[in-house]
Amino acid sequence: MENTKSHSLKIGVLTFHRCINYGSYWQAKGLVEGLQARGHDAVILDHQSSRVNFSEWKCALQPVLPTHVPAADHALYREKVEKFFKLFEGLPLSAPFDLNNPAEMDHYDLVVVGSDEVWNLSHPWYSYCPLFYGDGLRTKRLISYAASFGNYQASWGLDKDWANKLFHFDHISVRDDNSSAIIEASLGFKPDMVLDPCLQFPINYERRELSQFKAPYVAVYGHNFSDFFIREVRTWADAAGLPLVSIGYRNDWADENWLTADPHDFANFIAGANAVVTNFFHGCVFSLINSKPFVCETSAYRSIKVQGLMNKLGAEKHLIMENTPSEIYEARLSEPLNPQIHEIIKRLQADSNAYLDQALAPKLLELS
């Protein structure tokens, strides 16, 4: 793995870095710090948009819709948002520029697009944003790392004009099979498959004593779970004598709700849990990082990326369907993770490093 400054590059990371979402925060931070650890001068490209900000903040203040948000929760969600704002300013950011005017940005040796759903043409507020497809970026070279089309399904096909934009990338890697299928069908080659930055790079979080939540407890991460899932988890937790604590979002079926947690709180909270109950992609990722027993219900919006991750790691048994028997909940939430999962992660980390070695290597013309 490259780890010297002999060929240090000025790198801009283009991602969704201001989302009020624990996973988005940690994958952005993890990717830029992972590139810095390789000896590069890497920053997050600080694109700005009042339209995107309005949509993001509106969602963050009522995040569990269509479930009703009690008036008492508004101030709590606002506190959570303000904590994110403070942490955003501590990220290694470029000079700000308008999302729709990349001519304002600095020039870079290399721009890395990803991870997150940067190519999702169905995203509620970033869809059809040409910047993430490389348009107008001031850079010598352009690559992707763990890019995803999110819930945009391969069967829908990719419009030729948008596909052609991706031909300008020098190297392309994705994080799920659905995104790989879209690239292969549209561009005619199979892209490299790499790990989400949270699984690839160390998560450098501030260690905190969470005095209000003494172990043992079960972490609940997500919202709008199905009735069958709630019933089974609640029955298991009661039988095990373990409290269910929901982080980041209100779930009235949990014993406690912690709505104001920031990303460092989240990382500490998952690390201290006995088990994790989730329907979020990064709920699974942080369970894996911390070797926690977990179950995940697949939701319509996140099913593609969650199923893709579990299939890639041989962890399909952690996915819960409506007809999943109670004994599966018991086994997945009580038993240690299959050690083969971590062996697969190690192999994929090596593959991801190999991709970065190749994609970040200076071109011969640049050295002449």
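Points to keep in mind about this one:
- Test: residue in segment 316-324 that is under 14 Å from the mean Cα position of the chain (by Cα), in a helix (DSSP H, G or I), farther than 15 Å from Val220 by Cα and at pLDDT 95 or above: no
- Looking only at segment 282-308, residues that are assigned to a helix (DSSP H, G or I), at pLDDT below 95 and within 22 Å of Glu232 (Cβ to Cβ) come to 3 in all.
- Matching residues in segment 294-312 - criterion: being crowded, with 22+ Cβ neighbours inside 10 Å, more than 16 Å from the chain's Cα centre (by Cα) and of a type outside the set (Asp, Glu): Phe294, Val295
- Against the numbered list (1) under 22 Å from the mean Cα position of the chain (by Cα); (2) closer than 25 Å to Asp351 by Cα; (3) at pLDDT 95 or above, Gly150 comes up short only at (3).
- Within the option set Phe16, Phe54, Phe84, being assigned to a loop (DSSP other than H, G, I, E, B) and of a type outside the set (Ser, Thr, Tyr) holds for one residue only, Phe16.
- Top-ranked residue of segment 183-234 - restricted to ones that are among the β-branched types (Val, Ile, Thr) and in a helix (DSSP H, G or I), ranked as farthest from His264 (Cα to Cα): Ile183
- Asp73 being under 21 Å from Pro197 (Cα atoms) and surrounded by 13 or more Cβ atoms within 10 Å (Cβ to Cβ): no
- Screening Tyr249 on (1) in a loop (DSSP other than H, G, I, E, B); (2) touching a residue at least 40 places away in the same chain (Cβ under 8 Å); (3) surrounded by fewer than 18 Cβ atoms within 10 Å (Cβ to Cβ) shows it passes everything except condition (3).
- Of all residues in segment 260-277, those that are over 24 Å from Gly241 (Cβ atoms) have Cβ atoms under 7 Å from Cβ atoms of residues that are among the charged types (D, E, K, R) and not in a helix (DSSP H, G or I), 6 or more apart or on another chain, in His264/Glu206; His264/Arg208; Asp265/Arg208.
- Beta carbons closer than 7 Å, at least 6 apart along the sequence or on distinct chains, pair a first residue in segment 109-131 that is touching a residue at least 60 places away in the same chain (Cβ under 8 Å) and at negative phi with a second that is part of a loop (DSSP other than H, G, I, E, B) and among the basic types (Lys, Arg) for Ser115/Arg175.
- Test: Glu33 is part of a helix (DSSP H, G or I) and either at pLDDT below 95 or acidic (Asp, Glu) (or both): yes
- Close pairs from segment 211-240: first surrounded by fewer than 21 Cβ atoms within 10 Å (Cβ to Cβ), partner basic (Lys, Arg) and not in a helix (DSSP H, G or I), Cβ under 8 Å, at least 6 apart: His223/Arg250
- With respect to (1) of a type in the set (A, V, I, L, M); (2) surrounded by fewer than 16 Cβ atoms within 10 Å (Cβ to Cβ); (3) within 27 Å of Cys198 (Cα to Cα), the lone exception for Ala103 is condition (3).
- Qualifying residue in segment 265-275 (condition: part of a strand (DSSP E or B) and modelled with pLDDT of 95 or more): yes
- Summed over segment 290-329, residues that are aliphatic (A, V, I, L, M), under 23 Å from Ser180 (Cβ atoms) and touching a residue at least 40 places away in the same chain (Cβ under 8 Å) total 3.
- Unique residue being buried (at least 16 other Cβ atoms within 10 Å of the Cβ), hydrophobic (A, V, I, L, M, F, W, C) and closer than 15 Å to Cys19 by Cβ when the list is Phe149, Phe132: Phe132
- In this structure, Glu343 does satisfy being out of contact with any Ser or Thr (no Cβ under 8 Å at 6 or more places or on another chain) and within 25 Å of Asn178 (Cα to Cα).
The values are calculated or read from the model by the stated rules, or taken from the named source; none is laboratory data. It should be emphasised that the depicted structure is a prediction, and the values quoted were computed from it without experimental measurement. Cβ coordinates were reconstructed from backbone atoms using ideal geometry, including for glycine residues, and neighbour counts include every protein chain displayed.
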